[in-house]
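Note sheet for the following structure.
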Amino acid sequence: MFINLINNLAFLIALVAAGQIVIDRFPQKTLNRQVLLGLLFGGVALLGMANPVNFLPGVFFDGRSMVLVVAGVVGGGVTAAIAAGMAAVYRYQLGGIGAPVGIFVALVPALLGALARQWWLKRTQPPRLIDYLALGVVVQFVQLAAFTQVPNRAGHAFIEQAWWVLLLFYPLATMLLCQIFRNHEQRLIDTAAMQSAQDAVIAEERKSMQRFHAYFDHSIVGLAITSPEKGWIEVNDALCATLGYTRDELTRMTWTELTYPHDLAADQAQFNRMLAGEINGYAMDKRFIHKDGHLVDIRLAVGRVCKPDGKLDYVVAMVEDVSDRRKAEKEYEDMFREMLDGFALHEIICDADGQPQDYRFLAVNPAFERMTGLKAADLVGRTVLEVLPATEKHWIEAFGKVALSGDPVFFAGHYAAIGKDFEVKAFCTSVGRFASVFADITERTQAENALRRMVKYLGETQRIAHIGSWHLDLASNQVVWTEELYKMYGFDPTLPVPPYTEHMKLFTPESWERLSSALAHTRETGVPYTLELQTVRKDGSSGWLWARGEAEVDLAGKTIGLWGAAQDITERKQAHQVVLEALTRVDRLAQHVPGMLYQYHLRPDGTSHFPYASAGIKEIYGVLPEQVSQDAEAVFKLGHPDDFQQVIESIQASARTLNDWHKEYRVNLPDGRTIWVEGEASPEAAPDGGVLWNGHIRDITERKKTEALLHEQLDELHRWQQTMLGREGRIISIKQEVNELLARSGQPPRYATQLPEQPDGGGV
């Protein structure tokens, strides 16, 4: 018996070794693996049955129950079925009175093992040792119960002699075998996970380097990686093109050698602060010396890249050639000095609560000096309350709102501290700063005030003056004029109303056509009309007439007559002509302002036109002022489809609220080009019930292109920096996870847990 047990133990050891070989050969749970494991477990079961412990003829026991339950746990249903089938067939061939029980003992443990495996797979936690032990105990109880069914109580002798072996050693052996196979398979899983993690690290590093080189090598902005010794480690083609050197030449030089001496001290000071960890980066304007000797204006942005432990790794620098920008700025400065409108740059000054209290002059142009009588030398660097203590608080509050909110304003007002009226456009240049454009409108304000007084006088005159009126009875076709209407047309009030054929002689052909159409429309629809008509008096003199007509309806809503009123507005038209002449003078001034100055009139009936447009409208819309003087449709046809509706809605909103209008939108020019423009205007109620805007529109296409390009490049640089900063940390994290997996499987850690010391790096 002892020899048989030793043999069965040897078979189990062989089973473990061979089973691990199969699992290593087929790490994935494929059908080949299940079949091979089934044949292996079945073969071991047969070997055990060939070396049993015999109790009676036809009654013996071996380790098949233990082998077959482990087959179900390790290999699943297919493995259990193959192993159990082999054992059952062999036990049937051996025969004897215990054959039925022996076949049962071959099939049931395999089934229990497979069912236990499926149950454990559904749980979130893997099976424990106690689970394996409990399964072994259940299987042996089933085997003992089966031996009670051997005929002639032949199985009782086996139970009496072997029960303690079956219930003590066989469950422990089952537990041990299941745990050995589970530990081996877990090691394979951990090894695969470790390999997958390593592959992921390598793949991420490769992708990161590919992205870096794609951006670095193909960027239109100069890029460099530098060391603390101020030498260039890597440079791209854009930087080489900017400085005129090859990559090989630059990597043998330091950035200090190529820095213009007057700019070197400031750059080195910032660089040293960054190396000391006081700042993470800096930006500045400086000049490099080109290989051919000329100076290159550049915008420099420098950032430090650190290791996961916080120590400096290297420095990345972005070098943008801004020579063209500087040239443009020079041209702008020239225009700044030559522009007719006053211009000033300020910074707002707030109290402890963040409320605007004052503002400081940073720059003013000559036109500002001429308008105010103040000199730049007395203004720049000083606050407005220092220079002009009588400045009203509302000016500071208005400019403070612009500087802090970023919302531009356009208004006109009297500056008591100077004693003049100004039209002001203020806009934010950066947080806390604003620029203001001043136009001296003192004379215009005086003229407008005089015009307002005139309008007031005219209003009083209208109240007391006689206004001519008329009535038409549609049933009788009889017309009645008031005496004042006779006088207005130059007819004798004592005479009958002139016949209809004479009426058309009282107006110009164009005005008569408009009046006839309006009368017909009111008669048909009942909608009143209001017109301004050019008249021809009986004495041959011309004038202008304001006319309004309404329908007279009966209780059924049927038009039965027409009422009308008229007033001579010749003097008002003459005043308007004066204004137009003034606008002509303004137009000559507007020729020197970029973009277009304009008046836009939205009539009560929804139509619109540009009473005034400077010659710059050709630049903005590709049309001439006279093309839109009566109808603005030619302009709206040029609106970009994606922006057109928003522009219309913004105009309507401004008309409803009389708030300033401001909009950036695209225009499709007749020549096929599409440009970006920025428009701003201030609305006011028009005398006819419509709305009139005074404003300015300018071309901002280049600004839009520059903004888009800069945003794209900065976003890409930020993404690259974040990738490089997180790369080392991600690798260390993955290595730590691998060490933890190895520790759980009883293996020593593979990777060091601390970073090696590396020298600091830096550059410009």
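Quick note: the coordinates plus some simple rules give every number you see, no bench work behind them. Please read these numbers as outputs of a predicted model, since none were measured by experiment. No Cβ is skipped: glycine too gets one built from the backbone with ideal geometry, and neighbour counts run over all protein chains shown.
Find how much the distance from Leu495 to Arg730 grows on full extension, using 0.36 nm per residue of separation minus their present alpha carbon separation; answer in nm with one decimal.
Answer, rounded to one decimal: 74.1 nm.
Debye sum, Cα scatterers, segment 638-705, no solvent: what log₁₀ I/I(0) at q = 0.23, 0.29 1/Å?
For segment 638-705, the Cα-only Debye profile gives -1.00, -1.25.
Looking at this model, which pairs from Lys425/Lys704; Lys425/Lys663; Lys327/Lys375 are more than 18 angstrom apart at the alpha-carbon?
Among Lys425/Lys704; Lys425/Lys663; Lys327/Lys375, the Cα-Cα distance tops 18 Å for Lys425/Lys704; Lys327/Lys375.
For Ile349, what residues show an amide H to amide H distance below 5 Å, using hydrogens built from the backbone and excluding near sequence neighbours?
Under 5 Å from the amide H of Ile349: Gln357, Asp358, Tyr359, Arg360.
What is the order of Val70, Val479, Val302, fewest Cβ neighbours within 10 Å to most? Walk me through the intermediate numbers first.
On the way: Val70 35, Val479 17, Val302 24.
In order of increasing Cβ crowding within 10 Å: Val479, Val302, Val70.
Counting only residues 5 or more places away or on other chains, whose amide H sits under 5 Å from the amide H of Thr429 once H atoms are built in the peptide plane?
Phe434, Ala435
7 Å from Cα along Cα→Cβ at both Glu664 and Arg182: what's the point-to-point distance in nm?
It is 6.5 nm.
So which lysines pass the test for Lys307, namely a Cα distance under 20 Å, with those fewer than 8 places away in the same chain ruled out?
Lys207, Lys230, Lys735
Largest first and in whole Å, what are the equivalent-ellipsoid semi-axes of segment 593-699 based on the Cα gyration tensor, each being the root of 5 times an eigenvalue?
Whole-Å semi-axes of the equivalent ellipsoid: 21, 15, 13.
Quick one: what does P(r) look like for segment 43-152 with 5 Å bins over all Cα pairs, in whole %?
All Cα pairs, binned at 5 Å, distribute as 2, 13, 24, 23, 18, 10, 6, 3, 1, 0 percent.
How large are Rg and Dmax for segment 466-573 when calculated on the C-alpha trace, in angstrom?
13.7, 44
Straight-line reach from Lys420: which aspartates and glutamates fall under 20 Å, measuring Cα to Cα and dropping same-chain residues less than 8 apart?
Partners within reach: Asp341, Glu369, Asp378, Glu386, Glu392, Glu397, Asp440, Glu443, Glu448.
Could you compute the FRET efficiency for Glu702 and Glu737, with r as their C-beta to C-beta distance and R0 at 51 Å, rounded to 0.05?
For Glu702 and Glu737, the calculated efficiency is 0.50.
Compute the length gained on full extension between Arg744 and Ser516: take 0.36 nm times their separation in residues and subtract their Cα-Cα distance, giving the result in nm to one decimal.
The span from Arg744 to Ser516 would gain 72.0 nm if fully extended.
Sorting Ser542, Ser511 on the 10 Å Cβ count, fewest up front, what's the list?
Going from sparsest to densest Cβ surroundings: Ser542, Ser511.
Please compute the alpha carbon radius of gyration of segment 228-316, then divide it by the globular-protein estimate 2.2 N^0.38 Å. Two decimals is fine. Walk me through the numbers on the way to the answer.
Working: Rg = 13.4 Å, N = 89, 2.2 N^0.38 = 12.1 Å.
Dividing the Cα radius of gyration by 2.2 N^0.38 Å gives 1.10.
Under 17 Å from the Cα of Lys122, which aspartates and glutamates turn up, not counting those fewer than eight places away in the same chain?
Asp131
Assuming a viscosity of 1.306 mPa s and a temperature of 10 °C, what translational diffusion coefficient in µm² per second does Stokes-Einstein assign to segment 239-379, Rh being the Kirkwood radius over Cα pairs? Before the final figure, lay out each step's value.
Working: Rh = 18.8 Å.
Approximately 84 µm²/s, per Stokes-Einstein.
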